[in-house]
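See below for the structure under consideration.
The values are calculated or read from the model by the stated rules, or taken from the named source; none is laboratory data. Worth saying up front: this structure is predicted, and the values here are computed from it rather than measured. Neighbour counts are summed over all protein chains in view; Cβ atoms, including those assigned to glycine, are modelled from backbone coordinates with ideal geometry. For accessibility, only protein heavy atoms count, side chains too; no ligands or nucleic acids. Shrake-Rupley method; radii C 1.70, N 1.55, O 1.52, S 1.80 Å.
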Amino acid sequence: MKFSEILNLFRQGKSTAKSHMKNLIEMAAADGNFDDVEYQLLQRIAKRNGISGGQLKSIRNNPDTVAFEIPEDKLERFSQLYDLVHMMIIDNEVHSEEKKLCNLFAIKFGYPRERVEEIISTIQSNIGNGNDHENTLQRVEWMLIS
């Protein structure tokens with residue numbers, strides 16, 4: 001693989017991560033409040049995705065500069081949906097606007113419309129029960145094949 005191809009993959013991953021941060025910010029703000037607990041989760045996810053504090057602030061202040069991107073990889077799509085559900089429930093209050101937005105993201109990510117609420121509910125329950133990301137992924141995959 002050429003250096004330019006590797007660099008292009010890195011840039012694509014970075015832009016997808018920025019899109020994910022924008023989506024998480026939208027989720028956190030959907031109920032009209034952006035609580036400290038939501039911001040702390042956002043910072044942890046940003047760090048995990050290689051997004052600096054300055055980049056995060058820029059995305060938050062200028063969301064229109066970040067294009068929505070659907071991750072090509074199915075594991076990344078699940079990871080982003082998992083993070084979005086986590087953001088939706090982190091303040092222990094799920095508002096109707098957050099739920100609608102989460103459903104919309106799941107559909108955009110390619111999950112079957114008729115199963116979206118069940119998938120989100122499963123992710124929500126698993127997070128609430130302390131199950132990790134991988135265990136939750138296995139449950140959702142099992143749901144989709146049954």
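Among the listed residues ALA46, ALA17, ALA28, which satisfies the condition of being under 17 Å from ASP83 (Cα atoms), in contact with a Phe, Trp or Tyr (Cβ under 9 Å, 6 or more places away or on another chain) and modelled with pLDDT under 95?
The conditions single out ALA28.
Provide a single number: the residues in the stretch 56-99 that are part of a helix (DSSP H, G or I), without any contact (Cβ under 8 Å) to a residue 60 or more places away in the chain and not aliphatic (A, V, I, L, M).
First pass over the stretch 56-99, keeping only residues part of a helix (DSSP H, G or I): 56-61, 63-65, 74-89, 96-99.
From the residues that got through so far, the ones that are without any contact (Cβ under 8 Å) to a residue 60 or more places away in the chain too are 56-61, 63-65, 74, 77, 79, 81-82, 85-86, 89, 96, 99.
This time we only want the ones that are not aliphatic (A, V, I, L, M), so: 57-58, 60-61, 63-65, 74, 77, 79, 82, 86, 96, 99.
Summing the residues that are part of a helix (DSSP H, G or I), without any contact (Cβ under 8 Å) to a residue 60 or more places away in the chain and not aliphatic (A, V, I, L, M) in the stretch 56-99 gives 14.
If I ask for residues that are touching a Phe, Trp or Tyr at 6+ places or on another chain (Cβ under 7 Å) and modelled with pLDDT of 95 or more, which ones from the stretch 106-146 would you list?
The answer is ILE119, ILE123.
What are the residues in the stretch 100-146 that are part of a helix (DSSP H, G or I) and at positive phi, if any?
Correct list: empty.
If a residue must be of a type in the set (A, V, I, L, M, F, W, C) and either more than 16 Å from MET21 (Cα to Cα) or open to solvent by 10 Å² or more (accessible area, probe 1.4 Å) (or both), how many such residues does the stretch 75-104 contain?
Residues flagged as of a type in the set (A, V, I, L, M, F, W, C) and either more than 16 Å from MET21 (Cα to Cα) or open to solvent by 10 Å² or more (accessible area, probe 1.4 Å) (or both) within the stretch 75-104 amount to 6.
Note down all Cβ pairs under 8 Å where the first residue falls in the stretch 132-146 and is in contact (Cβ under 8 Å) with a residue 60 or more places away in the chain, the second is part of a helix (DSSP H, G or I) and β-branched (Val, Ile, Thr), and they're at least six residues apart or on different chains.
Qualifying pairs under 8 Å: VAL140/ILE119; VAL140/THR122; VAL140/ILE123.
Let me spell it out: the conditions are (1) at pLDDT below 95; (2) β-branched (Val, Ile, Thr); (3) under 24 Å from SER146 (Cβ atoms), and VAL66 meets all of them except one. Which number is the exception?
(3)
Go through the stretch 105-130 residue by residue and tally those that are among the aliphatic types (A, V, I, L, M) and either more than 16 Å from the chain's Cα centre (by Cα) or loosely packed, with under 14 Cβ neighbours inside 10 Å (or both).
1
For the stretch 76-135, name all the residues that are in contact with a Leu (Cβ under 7 Å, 6 or more places away or on another chain) and among the acidic types (Asp, Glu).
Of everything in the stretch 76-135, just one residue is in contact with a Leu (Cβ under 7 Å, 6 or more places away or on another chain) and among the acidic types (Asp, Glu), namely ASP83.
For the stretch 40-54: of the residues being among the aliphatic types (A, V, I, L, M) and assigned to a helix (DSSP H, G or I), which is surrounded by the most Cβ atoms within 10 Å (Cβ to Cβ)?
LEU42
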